[in-house]
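The structure appears right after this line, and notes come after that.
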Amino acid sequence: MSEKPSGDGPWWWARRRGAALDVALAAVSAAECAAGAYGLVRDRLDWGLPATVVCVVLGALAGASLVVRRRWPVVPVVVALVFVPGFFGVVLLVVSLYTLAATWEWPSRRARVLVLSAVAMVETFGMVLFATTAPSKAPPAEPLPPTWVFVVISAFVAVGMAVAPMVTGLYVGARRRLVESLKDRAQGLEGELSLLADQARERAWRARVEERTRIAREMHDVVAHRVSLMVVHAAAVERIVPKDPARAQQSARLIGETGRQALDELREILGVLRMTEPQEQVEAPVGGLAELPELVEQSRVAGMAVTLTVSGERLEYVAEAEQTAYRVVQEGLTNAHKYAGGARVAVLLAYVPNGVRVSVVNECPGGVAPVALPSGGNGLVGMRERVVALGGAFHAGREDGGGFRVEAVLPSRLRRPTAPA
């Protein structure tokens, strides 16, 4: 107890009522020690008046040492051991032993507590035994009991004055430390719960961000390709209206169909977002590997010289893998519409032993100027993140001849399990 605990009390007291209690105990002990010292000097030692006053003052100071029992608990114990042989300081001894056992940590200072308590018990036993067996000047009126009776009485008094306060102090101190440890544990748990709540909020925020990013990618994949086809058809219509009205009418009809398809896909995505069912149970219809010929045909109708090559045995993959492969081809064709107008484009779908590979390769654009289409710059980045998230490999970059390649390989572990026959 070298530092003052937190509280509103003065000096080393944590609370004002603790200071008041210690002052009251010190006053009682000082009065008891002063009275005991006066009785000792008057009855046994027969000193003069100045010496009697000094003894009374010293006794009062000894009892007053209980004021510092919380700050230095060993001080009142030592003072009590000095004055107990003089047949006074009982209150000082009992309170100081209780304080020593209650405030000192157990078992780190077990030896000190036991030694001081044993000394106090021996002194008390000797004091009581001496007081009861000492020969009296006047002959006793009745025969005295045997000596062992006084020994037993002295032992009981010694245990009551030394052992009982020590045991009580140990119990109170252990209980106090248990309560403090439980409070610390409760505070620690409260801090952990607060940390877990913060982590849960952070995970929820990240989940919302990831969901918004996923929705943005879906919207980009749906809108970018369809709108790119619409812009290409609109540019073609503008060029061929004076020359070939029938073909212009066909292109205008394709623009309408493409727009309706874009609206349908957007409506399906937004409809899924409005539903309250779990996402695992409700999924928006998306493109798959089986729909690649239709996707390539839409670009071919828009005027792109595109070919589709399929190799290997047809295998079915999980919906997320087929959707990702479909989106990679869709993004490659969209980029070809934007930046390689008039160039020949080759689409490859290959079922290889280690998975499925899709690629879109366009040659270097010729003299035809590309249609001016806006670009957000996130299409290829989103495709790479999708493919890597599934454990696949993605590549997008320029070819040696000036063309551009978009390629993705998805692992074979994404194949859809076949039902047993």
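The values are calculated or read from the model by the stated rules, or taken from the named source; none is laboratory data. Just so it is clear, the structure is predicted and the values come from calculations on it, not from any experiment. All Cβ positions, glycine included, derive from the backbone under ideal geometry; neighbour counts span all protein chains shown. Surface areas here come from the heavy atoms of the whole protein model, side chains and all, with no ligands, DNA or RNA. Shrake-Rupley method; radii C 1.70, N 1.55, O 1.52, S 1.80 Å.
Okay, here's what the table says:
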quantity: Inter-residue pairs, beta-carbon under 8 Å, first farther than 21 Å from L333 by Cβ and in segment 232-250, second of a type in the set (V, I, T), 6+ apart; calculated: R247/I240; A248/V237; A248/I240; A248/V241
quantity: Selection count where residues are over 42 Å from the mean Cα position of the chain (by Cα), at pLDDT below 90 and of a type outside the set (D, E), scope segment 307-323; calculated: 3
quantity: Residue in segment 1-27 that is modelled with the highest pLDDT, counting only those that are in a helix (DSSP H, G or I) and surrounded by fewer than 15 Cβ atoms within 10 Å (Cβ to Cβ); calculated: A24
quantity: Residue check, A236 among the aliphatic types (A, V, I, L, M) and at pLDDT 75 or above; calculated: no
quantity: Residues that are in a strand (DSSP E or B), charged (D, E, K, R), modelled with pLDDT under 90 and open to solvent by less than 90 Å² (accessible area, probe 1.4 Å), drawn from segment 366-421; calculated: R415
quantity: Inter-residue pairs, beta-carbon under 9 Å, first within 11 Å of R405 (Cβ to Cβ) and of a type in the set (S, T, N, Q) and in segment 329-358, second crowded, with 21+ Cβ neighbours inside 10 Å and at pLDDT 85 or above, 6+ apart; calculated: N335/V360; N335/N362; N335/F404; N335/V406
quantity: Sole exception among (1) more than 31 Å from the chain's Cα centre (by Cα); (2) more than 24 Å from A325 (Cβ to Cβ); (3) hydrophobic (A, V, I, L, M, F, W, C) for W205, by number; calculated: (1)
quantity: Residue list for segment 322-365, restricted to those being surrounded by fewer than 24 Cβ atoms within 10 Å (Cβ to Cβ) and of a type in the set (K, R); calculated: K338, R344, R357
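Residues are listed down the side, and each one gets a yes or a no for (1) assigned to a strand (DSSP E or B); (2) hydrophobic (A, V, I, L, M, F, W, C); (3) farther than 25 Å from L414 by Cβ:
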residue: R314; (1), (2), (3): no, no, no
residue: Q323; (1), (2), (3): no, no, no
residue: Y326; (1), (2), (3): no, no, no
residue: H337; (1), (2), (3): no, no, yes
residue: L349; (1), (2), (3): yes, yes, no
